[in-house]
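So the structure is just underneath, and the comments pick up after that.
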Amino acid sequence: MPGVPSSRACDACRKVKKKCDQIKPKCSRCIRLKMTCIGGGRQRFMFKNQSPNGMQKQSAESQSELRPFFRTGKKVVFVEGPTQMPSNETSMLAAGFVAAFQVTDIRYAVAYYGPFLRDIPRRLGNSTVLDSAVRALSTSYPFLHTGSYPPNALVRYGQSLRALRECLNNPVEARSPNTLCAVYLITICQSWLGKHDDSLTGHSEAIAHLLRAAALHEWTSNFEMEMVITLCVPIILDGIVKPRIKMDPEFWGLISSFKRRLSALRDSNQSQSTTELHHLAMFPEFVQHPDLHLAEIAKRYMQLRLDANQVKQYLDQCAEFTPVSFSSSEVARHSRIQAAYAMLSTLAVLLNSLLRVFDPWNASLMSEADFLCDEITIQAELASCYRPVGAGYIPLCLVVAWAASDNLNQLTRIEVILSEYQSDFADVPWMSRAIWLASTLDSHRIRVTSGKESQELPLETVSLTPLRGSRARNKKPPVRPESCCIL
C-alpha cells in the first residue's frame with residue numbers, strides 16, 4: 001500500500017503506521033549503509049561517475065588485493081587482464097563481419113566465398129587496407145538481397161579502393177597476406193555493387209600478380225594456405241579466357257604442398273581427381289595450345305566423363321528434392337553436389353570442344369557435346385532458386401556451354417538463362433567472354449584446316465567468318481577480355 005511502511009522500515013515507522021515522510025526516522029539498515037532514510041523502506045542511492053583512469057586504478061588495487069588469495073600449494077597464480085583492449089571501432093567492425101558470416105541461407109551465405117573468411121575478424125586492427133575492405137563488405141552485405149545499395153555503401157567501397165592503392169605503393173604491405181585478402185573482399189563487393197568501370201575490373205589479374213610477388217613459402221598458417229588455394233580457382237577459370245594470367249609450374253608445386261599440409265592437419269585421405277588444382281591449372285594451356293596436349297586432353301576428358309557420371313548418381317538420388325529451408329544442411333549438401341556435377345560437365349564439354357577441333361566429324365563427340373550442354377542448362381535452371389550467391393558458379397558454366405554448342409535451340413536457351421543470371425552480378429560481361437571463347441575455338445579450327453602451326457592469335461584479329469549457322473547470327477565482334485589497370 002503506497003505510503004505505508006514496509007517490513008524493511010524502522011521500528012518507529014512500523015508502530016505509528018503513518019507516512020514515513022512525516023516522521024523521517026532512521027532505521028538500522030539505513031544507518032549501516034550510511035544512507036538517508038526517506039520512509040516507507042525506500043532508500044536513496046547516489047550514483048557517481050567514474051573516469052577510465054579511476055577504473056584502471058581500482059582494477060589494479062582490486063587485483064593486488066586478490067592476488068594473495070590465489071595460492072595453490074607453493075605456487076601463486078596471477079590473474080592478468082588482456083594486454084590490449086580492442087577499440088570500439090575495431091570491435092564493431094569485427095561484429096559486423098561476424099554477423100554477415102553467420103548467415104546460413106545459401107542464397108546469401110558469405111561462407112560460399114571461402115572457409116578462410118571466418119578467421120578475418122582476429123586479423124582486424126593491424127591492416128588499414130583489410131579493415132577498409134571489411135568495412136565496405138559489411139556495409140554492402142545487408143542490401144545484397146535487394147540489389148539496391150545506399151550511398152554509404154558506395155562511399156565505403158570507394159574508400160577501400162583508395163586504401164588499396166595506397167597500400168600497393170608500399171612494397172612490404174603489397175606482399176602481405178592481409179593485402180591479398182583485402183583485394184579478394186573488394187572484388188566481392190565489386191560484384192555485388194555492379195561496379196565495372198573502375199580499376200579493379202580485371203581483379204583476377206591483380207590477384208595473380210600479388211601471388212607471384214608474395215613470398216608464399218613463408219606463409220604457413222591455415223588462413224594463408226586456405227586463402228591461396230581458394231584464390232587459385234578464379235585464377236584458373238579466368239585464365240581460360242584471359243591469356244595474360246599465367247602462373248609458373250613452381251607456383252602450382254607450392255600449392256600442391258599447401259593441399260598436402262592441410263590434408264595432413266585434417267587427417268584427410270582423399271583420392272586424386274581431375275578437379276585437383278594442379279590438373280585444373282593445365283586448362284588455360286589446353287585452350288591456348290590444344291595441339292601440343294592432345295593426348296593429355298583426351299585422357300582428362302575420359303576421366304571427367306567418368307567423374308561426372310559418378311556425381312550424377314548422387315544427384316539423381318535427390319532428384320525430387322524440394323528445399324524447405326535454405327539454411328538446412330540438406331540444401332547445402334544438394335547445392336554442393338549440383339555444383340560439382342555442373343562444373344565437371346563444364347570442364348568436360350570444354351575439352352570435348354578442343355577434341356572436335358581436330359576431329360570435327362566424330363559423331364560420338366558431337367552427341368556427347370549436345371548431352372553435356374543440355375545437362376548444364378538443366379542444372380542452371382534448377383540452381384536458379386539458390387541465386388544469387390549459392391548459384392554464382394552457373395554463369396561460367398553457361399559461357400562454356402554456349403561456346404561449345406552449335407545447336408540453335410541450345411544457344412537460344414542458354415542465352416535466355418544467362419541473361420537472367422547476368423542481372424545478379426552485372427560487373428562481369430559474361431556474353432563477351434562466351435564470344436571470345438567461341439572465337440578462340442573457331443580460330444583453332446581455321447588453323448587446323450589450313451595446316452598452319454599453333455600460334456597465339458591477337459584477340460583483335462580473331463575473325464567471325466568461320467562461325468557456323470545460328471551462332472554467327474547471334475554474335476557480336478569479339479572483345480578483348482577486360483584488363484586490370486591497378487598494377
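Read the figures in this text as sums done on the coordinates, not as results from a lab. In this text the structure is predicted, and so the values were computed from the model without any measurement. Every residue, glycine among them, receives a Cβ derived from its backbone with ideal geometry; neighbour counts consider all protein chains shown.
Can you compute the charge dipole magnitude of segment 89-267 about its Cα centre, using +1 on each Lys and Arg Cβ and -1 on each Asp and Glu Cβ, nothing else charged? Give it in debye, rounded to the nearest 20.
Around 140 debye, computed over segment 89-267.
Arrange the peptides 173-184, 402-413 so that the one whose residues have, on average, the most other Cβ atoms within 10 Å appears first.
173-184, 402-413
Using Cα pairs under 8 angstrom and six or more residues apart, how large is the relative contact order of segment 279-449, in percent?
21 percent
Please list the equivalent ellipsoid semi-axes of segment 89-267, computed as the square roots of five times the alpha-carbon gyration tensor eigenvalues, in descending order and whole angstrom. Walk me through the intermediate numbers first.
Numbers: eigenvalues 128, 72, 55 Å².
Each semi-axis is the square root of five times an eigenvalue, giving 25, 19, 17 Å.
Please give me the summed charge of the neighbours of GLU173: other residues whose Cβ is under 12 Å from its Cβ, Lys and Arg +1, Asp and Glu -1.
Result for the local shell: +1.
At a 10 angstrom cut-off on C-beta neighbours, averaged per residue, how do the peptides 133-139, 374-380, 291-297 rank from highest to lowest?
Order by mean packing, descending: 133-139, 374-380, 291-297.
Relative to the present Cα-Cα distance, how much length would full extension add between ARG212 and SER419 at 0.36 nm per residue of separation? Present the calculation step by step, with values, prior to reporting the outcome.
Values: separation 207, 0.36 × 207 = 74.52 nm, distance 3.49 nm.
In short, 71.0 nm is gained.
In whole Å, how far is the Cα centre of segment 291-364 from that of segment 371-435?
With segment 291-364 and segment 371-435 each reduced to a Cα centre, they are spaced 15 Å.
Let me check I've understood the local charge: for GLU375, count other residues with C-beta under 15 angstrom from its C-beta, Lys and Arg +1, Asp and Glu -1. What total comes out?
Taking every Cβ under 15 Å from that of GLU375, the sum is -3.
Please list 3J(HN,Hα) in residue order for segment 416-433, calculated via the Karplus relation 6.51 cos²θ - 1.76 cosθ + 1.60 where θ = phi - 60°; whole Hz, with x for glycine and proline.
Running phi through 6.51 cos²θ - 1.76 cosθ + 1.60 with θ = phi - 60° gives 5, 5, 5, 5, 5, 5, 4, 5, 6, 10, 7, 6, 9, x, 4, 5, 5, 5 Hz.
Based on the mean of other Cβ atoms within 10 Å per residue, sort peptides 392-398, 326-332 so the most packed one is first.
Values: 392-398: 23.6, 326-332: 15.3.
Averaged packing, sorted descending, gives the order 392-398, 326-332.
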